[in-house]
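Each remark here refers to the structure printed beneath this line.
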Amino acid sequence: MSRPSISVASAANAVGEGVGIAFDAIRTNKLRSALTILGVVIGVATVMAMASIVQGMRQQIVSTLEVTGPTTLRIVRFFSSTPLNPDALPREVRIRPVMHPDEARAIGELPQIHYSAMWTQVFERLEYQSVRTQLVSLFGADVRFMEIMGGGMIGGRLFTPAEANAGAPVVVLELEAAEHVFGRLNPLDRTLRVGGRPLRVIGLYQRPQNFFEPPGAPKIAAIVPFETVRRLYTYDETSALVIAVKPRSDVTVSEAIDAITVLLRRMRGIRTEAPNTFDIITSEQILGVFDRLTSVFFFVMIILSSVALLVGGIGVMAIMTVSVTDRTREIGVRKALGATRREILWQFLVEAATLTLVGGAVGILIGIGTGEVLKRALGFEAGVPLWSAGVATLVSVGIGLAFGLLPANRAAKMDPVEALRYE
């Protein structure tokens, strides 16, 4: 029973000794050590920062889908994860009919459906007197837009069903956009030019705090009746027209999709053997597209980080080789006093792992700080994922062990007599 305790104690002593020697080397050769672990710091910091951003973006999308409801469906002419050029549409898109408001009304009359309406989105500038904004997002929707997308009125009113059906020139401004255009003025009942068209401001609304908007994309600044957009503005009939559908609470998503599919195929006269000429998008599909896009992005970041880690590993190998050479007599003395090959090998491996672990710790701190700054700038709420810190730590130690093995093995194989003669 005594041998295992001795083995554990000796291993602990070897680890402690290796760590102490590693920190002595860092203090003695600060510049050389800093340059050695710089690649590890850059690689780990990049992974941490990218993981933080991806996690924050995903959490915002999940939060937005929770607001709109996980069962909410979107019916479009053609669903593509990459943007389509409306002036050069592929044939498989051109042969599909454009979504029509009559289809939205028919879907809304199905017993399985709680809500259905045609929406669209255009990008225009807001103008009032001398103030003119950049391109912002303008939603053409119905009176129940906020019921689906969240947010609420904080002043004035929403347009009435009569105004929505008639395509009245009225607009409900988002609070931030109103403050930007009108400043301290009360915007209600004032005429605002939207894309060069005069619209009367009838209300103010505040979007939900967790609404996801891709970084750099125009923010949702206003809501107008769908018929108003249809009559006054030009929009993309393939990507910008969508039928928003919400099934009844006691109806599953698959049941709602089946009912909608049967109805639209009948309305469009699609033969039994022919494929659908429309696409139905679920919340899971939206999240799946985001995951695929971010996985590619994250994979590229991993490759770039790996290059930095490889450079750091080569630096570790170089400094450990120099360290072995500088301490040749020390190695000879230890071997003469009875140190085994395994003990010498272990000492230098622990020293190399400690160097890279220090680089990993610094990289984690920099990555967390960078991720927090970027998240605050982009308005994300999610924290830094803990798994990325764990992975970064393991990778740091692994690099030290892998690249420190060669110089450590060289030290372990030294002949004690030759080592003691080394000058």
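Tabulated results
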| read-out | value |
| --- | --- |
| Flag if F297 is touching a residue at least 60 places away in the same chain (Cβ under 8 Å) and more than 18 Å from T72 (Cα to Cα) | yes |
| Selected residue [touching a helix residue (DSSP H, G or I) at 6+ places or on another chain (Cβ under 9 Å) and either among the β-branched types (V, I, T) or at pLDDT 70 or above (or both)] from V8, V44 | V44 |
| Answer residue from segment 326-348, given it is among the aliphatic types (A, V, I, L, M) and over 12 Å from R410 (Cβ atoms) and is surrounded by the most Cβ atoms within 10 Å (Cβ to Cβ) among those | A339 |
| Odd one out for A162, checked against (1) modelled with pLDDT of 90 or more; (2) crowded, with 18+ Cβ neighbours inside 10 Å; (3) farther than 13 Å from A117 by Cα | (2) |
| Segment 331-356: number of residues that are among the charged types (D, E, K, R) and more than 19 Å from L406 (Cα to Cα) | 1 |
| Residue in segment 333-342 that is assigned to a loop (DSSP other than H, G, I, E, B), charged (D, E, K, R) and at pLDDT below 80 present | no |
| Test: residue in segment 358-378 that is in contact with a Pro (Cβ under 7 Å, 6 or more places away or on another chain) and either at pLDDT below 80 or within 14 Å of Q55 (Cβ to Cβ) (or both) | yes |
| Candidate set: segment 145-155, residues that are crowded, with 17+ Cβ neighbours inside 10 Å and either touching a His at 6+ places or on another chain (Cβ under 6 Å) or not hydrophobic (A, V, I, L, M, F, W, C) (or both); chosen: the one nearest to E103 (Cα to Cα) | G150 |
| Wholly within segment 60-176, strands (runs of 3 or more DSSP E) carrying at least 1 residues that are among the acidic types (D, E) | 113-124, 126-128, 170-174 |
| Residue check for P214: at pLDDT below 90 and either of a type in the set (D, E, K, R) or in a loop (DSSP other than H, G, I, E, B) (or both) | yes |
| Which numbered condition L310 misses (of (1) part of a helix (DSSP H, G or I); (2) surrounded by 14 or more Cβ atoms within 10 Å (Cβ to Cβ); (3) over 27 Å from the mean Cα position of the chain (by Cα)) | (3) |
| Residue that is surrounded by the fewest Cβ atoms within 10 Å (Cβ to Cβ), among those in segment 177-195 that are among the aliphatic types (A, V, I, L, M) and assigned to a strand (DSSP E or B) | L192 |
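Residue by residue, here is whether (1) out of contact with any helix residue (DSSP H, G or I) (no Cβ under 7 Å at 6 or more places or on another chain); (2) closer than 30 Å to P83 by Cα holds:
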{"position": "I280", "(1), (2)": "no, yes"}
{"position": "D291", "(1), (2)": "yes, yes"}
{"position": "L309", "(1), (2)": "no, no"}
{"position": "M317", "(1), (2)": "no, no"}
{"position": "S323", "(1), (2)": "no, no"}
{"position": "D326", "(1), (2)": "yes, no"}
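Condition check ((1) surrounded by 12 or more Cβ atoms within 10 Å (Cβ to Cβ); (2) within 27 Å of the chain's Cα centre (by Cα); (3) outside any helix (DSSP H, G or I)) across all residues:
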{"position": "V245", "(1), (2), (3)": "yes, yes, yes"}
{"position": "S254", "(1), (2), (3)": "no, no, no"}
{"position": "A259", "(1), (2), (3)": "yes, no, no"}
{"position": "V262", "(1), (2), (3)": "no, no, no"}
{"position": "M267", "(1), (2), (3)": "yes, no, no"}
{"position": "I270", "(1), (2), (3)": "yes, no, yes"}
{"position": "T277", "(1), (2), (3)": "yes, no, yes"}
{"position": "D291", "(1), (2), (3)": "yes, yes, no"}
{"position": "F299", "(1), (2), (3)": "no, yes, no"}
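The values are calculated or read from the model by the stated rules, or taken from the named source; none is laboratory data. Predicted model only: the values in this text are computed from it and were never measured. Quick reminder, even Gly has a Cβ in these numbers, built from the backbone with ideal geometry, and neighbours come from all protein chains shown.
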